[in-house]
1. Among the residues of segment 348-405, what is the count of those that are crowded, with 16+ Cβ neighbours inside 10 Å, at pLDDT below 85 and under 27 Å from P320 (Cα atoms)?
2. Looking at (1) touching a helix residue (DSSP H, G or I) at 6+ places or on another chain (Cβ under 8 Å); (2) in contact (Cβ under 8 Å) with a residue 12 or more places away in the chain; (3) not aromatic (F, W, Y), find the lone condition where K213 falls short.
3. I need the strands (runs of 3 or more DSSP E) fully contained in segment 309-371, keeping only those with at least 1 residues that are within 39 Å of the chain's Cα centre (by Cα) and without any contact (Cβ under 8 Å) to a residue 24 or more places away in the chain.
4. Here is a list of conditions, (1) within 24 Å of L191 (Cβ to Cβ); (2) at pLDDT below 90, and I23 meets all of them except one; can you say which number that is?
5. Hey, could you check segment 406-440 for residues that are part of a loop (DSSP other than H, G, I, E, B) and β-branched (V, I, T) and say which is modelled with the highest pLDDT?
6. Does segment 227-241 contain any residue that is modelled with pLDDT under 75 and not charged (D, E, K, R)?
7. When segment 37-53 is examined, which residues are found to be within 21 Å of Q173 (Cβ to Cβ) and loosely packed, with under 15 Cβ neighbours inside 10 Å?
Amino acid sequence: MYQKIHLRLTLLCAGITAAIMVIMSLCYLHISETGLYRNQYDSFKNDMNTIITNLEQQSVISMEWLSKMESQGNYLFFVLDNHVPFLYNQLNYSPDKSRDRLLKESLDAYQSTFSSYELQMEPASPYMSYHVEFRFTSPSEKADYLCCVINIEKNTSLLQIIVLSPLKSLSRQIFQQRIRFALIDITAILLLGVFSFVFTGNLLKPVFESQLKQARFIASASHELRTPLAVILSAVECCKKTDPDGQKRFLNTIQQEGLRMSSLINDMLTLSESDENRFSIRKKPVELDTLLLNVYEAFRPLANEKFILLSIELPKDLFPLCVCDPDRISQVMSILLHNAISYTPEHGQIRLSLSLKEDLRKNKSFCLSVADNGPGISDEDKRKIFDRFYRAEKSRSAEGHFGLGLSIAYEIVMAHQGIISVQDRDGGGSIFTVFLPAVI
């Protein structure tokens with residue numbers, strides 16, 4: 001499923017971008033080619049004006065002048081006197097009669113296009129000259145030409161000069177330009193495909209990871225609920241077959257497992273609210289030293305039962321107020337303290353502390369920490385300790401711990417724009433630290 005979505009998004013992203021790029025390339029080619037043809041046509045007209053000026057200044061058209069003009073390779077000249085080819089045309093006779101065909105095709109194109117214009121021309125004087133330029137395609141050679149037909153009328157005689165300019169070099173230039181653009185577009189499309197594949201992969205990665213986490217969450221929740229549910233069902237069956245004293249014992253077991261399930265469901269609902277941004281945070285100015293002292297007093301009996309020395313370290317000077325949700329921060333410290341008591345061996349030590357820290361940017365933060373001298377946490381576990389339903393292997397047997405407490409603490413701290421971290425303690429054990437932003 002993930003691979004199909006990845007592939008479809010890649011094709012969609014690359015396809016849309018490639019289509020836009022190809023359309024822009026075609027538009028540019030059209031504008032460029034139109035400009036090239038226009039420049040070539042304007043240059044041809046300018047050359048024709050120069051040639052006509054030279055012709056009008058000459059009383060005799062010499063073959064030497066025609067040969068010199070044609071030898072440059074840019075133009076072909078045909079001269080007709082009263083529609084009869086000059087001797088110059090015969091001297092440039094080609095065995096395949098290609099020049100004859102070109103002459104006939106250019107005259108046909110001229111007569112079909114400008115015959116009406118020519119009929120309207122009435123001599124206003126004994127001497128008159130006019131010319132027209134146009135573009136035509138030779139049917140025999142399948143090539144494009146620019147053509148200029150110069151008409152010089154004197155009394156009853158008509159001199160026609162047909163000048164052809166082949167567009168092979170321009171066509172070759174346009175073809176090469178199209179090939180370059182095609183290669184550039186193909187290369188760009190391939191690069192776009194690779195980029196789109198990587199980009200959409202990174203885009204879908206959080207979604208895929210979220211889906212995996214959700215699947216793991218459901219699997220872990222099902223596993224955690226299955227155990228107390230199995231115990232409850234087993235206790236119910238035993239209640240049916242035992243005496244009243246045994247029933248009382250099994251009912252106590254059912255109650256305990258029911259409370260465990262209730263605690264698990266409450267934790268899951270809390271995380272669900274966080275995922276849906278319905279996490280209720282009611283901030284107000286709070287005395288953190290008083291809050292921490294209340295948590296200490298609540299957990300001191302539990303620590304005494306395990307012969308654990310629980311101590312607290314509070315600032316001696318007047319401590320500023322912290323804007324936070326006191327109930328939620330108390331919940332965070334309760335989770336950290338409950339975990340510390342659960343995993344610290346008998347005759348161990350746990351210390352609560354409160355301080356005000358300042359970083360290199362002069363930003364101040366309230367620092368609440370829980371330090372113990374228990375077995376500690378491995379580096380691998382530190383990276384996953386705040387994941388849902390994650391528990392270090394050594395603590396999986398701890399009753400009442402579902403691996404959600406630290407996840408809840410993490411979400412609460414994040415909702416306060418704070419930071420929660422864990423690190424090793426000198427001499428063994430761990431230190432969980434909560435940093436809350438201070439506005440003083």
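The values are calculated or read from the model by the stated rules, or taken from the named source; none is laboratory data. Because the structure is a prediction, the values reported are computed rather than measured. Virtual Cβ from ideal backbone geometry, glycine too; neighbours counted across all protein chains shown.
1. Within segment 348-405, residues that are crowded, with 16+ Cβ neighbours inside 10 Å, at pLDDT below 85 and under 27 Å from P320 (Cα atoms) number 0.
2. Only one criterion in (1) touching a helix residue (DSSP H, G or I) at 6+ places or on another chain (Cβ under 8 Å); (2) in contact (Cβ under 8 Å) with a residue 12 or more places away in the chain; (3) not aromatic (F, W, Y) is unmet by K213, namely (1).
3. 349-358
4. Result: I23 passes all but (2).
5. Step one: of segment 406-440, the residues part of a loop (DSSP other than H, G, I, E, B) are 416-418, 425-429, 438-440.
Filter once more, so that each one left must be β-branched (V, I, T): 439-440.
Numbers: V439: 71, I440: 54.
Ranking the qualifying residues of segment 406-440, first place goes to V439.
6. Of all residues in segment 227-241, those modelled with pLDDT under 75 come to 227-228.
So of that shortlist, the ones also not charged (D, E, K, R) come out as 227-228.
Yes: one or more hits.
7. Once the filter is applied, which keeps residues that are within 21 Å of Q173 (Cβ to Cβ) and loosely packed, with under 15 Cβ neighbours inside 10 Å, segment 37-53 yields R38, N39, D42, S43, K45, N46.
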